[in-house]
1. Take the range 69-89 and flag every residue that is more than 17 Å from L53 (Cα to Cα) and in contact with a Leu (Cβ under 8 Å, 6 or more places away or on another chain).
2. Inspect all residues belonging to the range 421-432 and state whether any of them is among the basic types (K, R) and surrounded by 21 or more Cβ atoms within 10 Å (Cβ to Cβ).
3. Quick check on my filter: what residues within the range 287-331 are of a type in the set (D, E, K, R) and over 17 Å from R361 (Cβ atoms)?
4. Looking at the range 392-428, which of its residues are among the aliphatic types (A, V, I, L, M) and out of contact with any strand residue (DSSP E or B) (no Cβ under 9 Å at 6 or more places or on another chain)?
5. Go through the range 303-328 and give me each residue that's within 24 Å of D119 (Cα to Cα) and part of a loop (DSSP other than H, G, I, E, B).
6. Identify, please: which residue in the range 42-83 is of a type in the set (V, I, T), touching a His at 6+ places or on another chain (Cβ under 9 Å) and crowded, with 19+ Cβ neighbours inside 10 Å and is, among those, farthest from P433 (Cα to Cα)?
7. Any chance the range 216-239 includes a residue that's under 25 Å from S49 (Cα atoms), at pLDDT 95 or above, out of contact with any Phe, Trp or Tyr (no Cβ under 7 Å at 6 or more places or on another chain) and surrounded by fewer than 20 Cβ atoms within 10 Å (Cβ to Cβ)?
8. List pairs: first in the range 411-423 and under 15 Å from D52 (Cα atoms), second at pLDDT below 95, Cβ under 6 Å, 6+ apart or cross-chain?
Amino acid sequence: MAGPQRVILLELNELTPPLMFRFMEQGRLPAFRRLHDESRVFVTDAAESGLDLNPWIQWVTVHTGLPLAEHGVRLLGEGGRVAGRTLADRVSAAGLPVWQCGSMNVRPGPELKGVFLPDPWATDALPSPAELEPFFRFVQHHVAEHTNPDESFGGRELVSFLRFMAGHGLSAATTLAIARQLFRERRAPVAWQRVAILDLLQWDVFRWYRRELRPSFASFFSNCVAHLQHTHWREMEPERFSLQPSPEERLRYADAIRWGYEQTDELVARFLDGLEPDTTLIFCSALSQQPDVAWEESGGKLFYRPREIGPLAAFAGVTAPHRFSPVMSEEFWLEFEDEAGARQGEAALAALGVAGESAFRVDRTGRELYVGCAIHHVLPEGARLESASGAARGFFELLYLADSVKSGVHHPDGLLWIRTPDRRHVEHAEKAPLTAIAPTVLSLLGIDVPEEMAEKPLV
């Protein structure tokens with residue numbers, strides 16, 4: 001294949017091979033079918049397991065071409081500490097423009113030549129250019145705090161977001177989709193479908209900047225399907241679980257995952273319809289999911305989150321000034337002014353317990369704490385949270401139960417379809433390592449693959 005191309009990396013987090021092919025065979029995913037039939041098709045292997053099989057690790061592997069043992073990023077929000085250069089860094093160094101749109105836990109360096117939108121869980125990253133901040137804050141709030149009944153998005157911030165969208169690509173199709181969603185919510189409990197609206201808004205922004213910048217390399221991240229699989233696999237296949245959903249839950253959410261795939265299929269159609277002849281589209285899921293049945297005997301895996309960090313920190317005895325940043329599920333970051341304050345906060349939070357069970361797990365890196373509630377089973381309404389001083393307070397005064405029981409868990413297999421301009425279809429039997437994706441992107445762009453990337457390009 002002669003000459004450098006443009007490359008779009010379409011990052012559809014955790015889409016699952018068996019479900020994908022089931023829904024395609026049912027004729028429900030015409031855009032995915034078209035993409036599949038015009039692509040070199042691989043199944044990828046995340047090459048990690050246990051606590052290291054998480055998307056905030058695997059997407060760093062995709063963007064660096066390095067395994068976890070070499071890139072060293074284990075926690076969500078640590079992307080700025082990666083040992084190695086990302087695709088955005090290497091493409092920028094080659095003098096080519098980049099548009100990184102929401103890629104999970106992947107932080108380009110200061111020499112970025114282009115546009116950067118952090119993922120919504122980023123706690124210490126800002127978009128570039130700064131004009132993207134109203135959009136970033138809107139998405140960040142609606143992702144990180146969507147389960148918290150005590151949090152709301154301010155009116156001034158909403159006005160800033162609307163002004164930004166009006167000047168950065170808001171389409172009639174997305175506006176109509178929002179209106180229809182709000183109308184449906186007045187007639188039925190379908191607020192959970194807003195996850196697809198965020199994708200449409202991000203697509204409009206992605207398209208606007210891509211037209212302005214014409215990047216050689218662009219990435220676009222979506223978490224819609226991953227979220228629905230984690231929360232509604234039980235309703236889709238109740239026969240695989242001993243803890244059964246209620247008839248109301250079954251009626252409401254039985255088709256939620258399939259609906260997510262169908263909404264994402266419409267997004268894929270937008271990508272395909274707007275693709276230039278010289279552009280390669282790479283669809284990657286990095287990993288996938290499977291039913292999570294390990295927690296059935298304890299009532300399913302539950303998540304508890306702080307209502308507000310101030311009262312919880314005060315009860316625990318955290319005295320040093322700190323900044324709170326929620327991330328995913330039950331987890332959050334606390335950033336202190338110095339390491340001494342972080343050590344004191346670590347000890348105070350680690351000492352909290354419920355009926356002799358540790359209430360929080362705490363990982364400290366310098367002056368930062370990565371914290372999450374360690375209790376995942378059902379607690380009685382009168383449960384008491386106890387501190388190191390012997391004080392006790394109602395658990396649910398300080399934390400709340402997130403709105404769903406987790407029923408999907410990570411699986412190392414992922415989807416990788418590479419649609420080059422020749423649209424050649426080849427199905428590869430051998431699994432591809434995630435570390436081969438970055439060399440493939442660089443090769444397609446005509447950039448030399450560095451020696452530290454051990455894998456050869458797939459195309």
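The values are calculated or read from the model by the stated rules, or taken from the named source; none is laboratory data. Owing to the predicted nature of the structure, the values given are computational and were not obtained by experimental measurement. Here the Cβ positions follow ideal geometry from the backbone for every residue, glycine too, while neighbour counts run over all protein chains shown.
1. Answer for the range 69-89, where residues must be more than 17 Å from L53 (Cα to Cα) and in contact with a Leu (Cβ under 8 Å, 6 or more places away or on another chain): A83, G84, L87, A88, D89.
2. no
3. The answer is D292, E296, E297, R307, E308, R323.
4. Of everything in the range 392-428, nothing turns out to be among the aliphatic types (A, V, I, L, M) and out of contact with any strand residue (DSSP E or B) (no Cβ under 9 Å at 6 or more places or on another chain).
5. Correct list: F303, R307, E308, V327, M328.
6. Looking at residues that are of a type in the set (V, I, T), touching a His at 6+ places or on another chain (Cβ under 9 Å) and crowded, with 19+ Cβ neighbours inside 10 Å, I get V82.
7. Among the residues of the range 216-239, at least one is under 25 Å from S49 (Cα atoms), at pLDDT 95 or above, out of contact with any Phe, Trp or Tyr (no Cβ under 7 Å at 6 or more places or on another chain) and surrounded by fewer than 20 Cβ atoms within 10 Å (Cβ to Cβ), which makes the answer yes.
8. none
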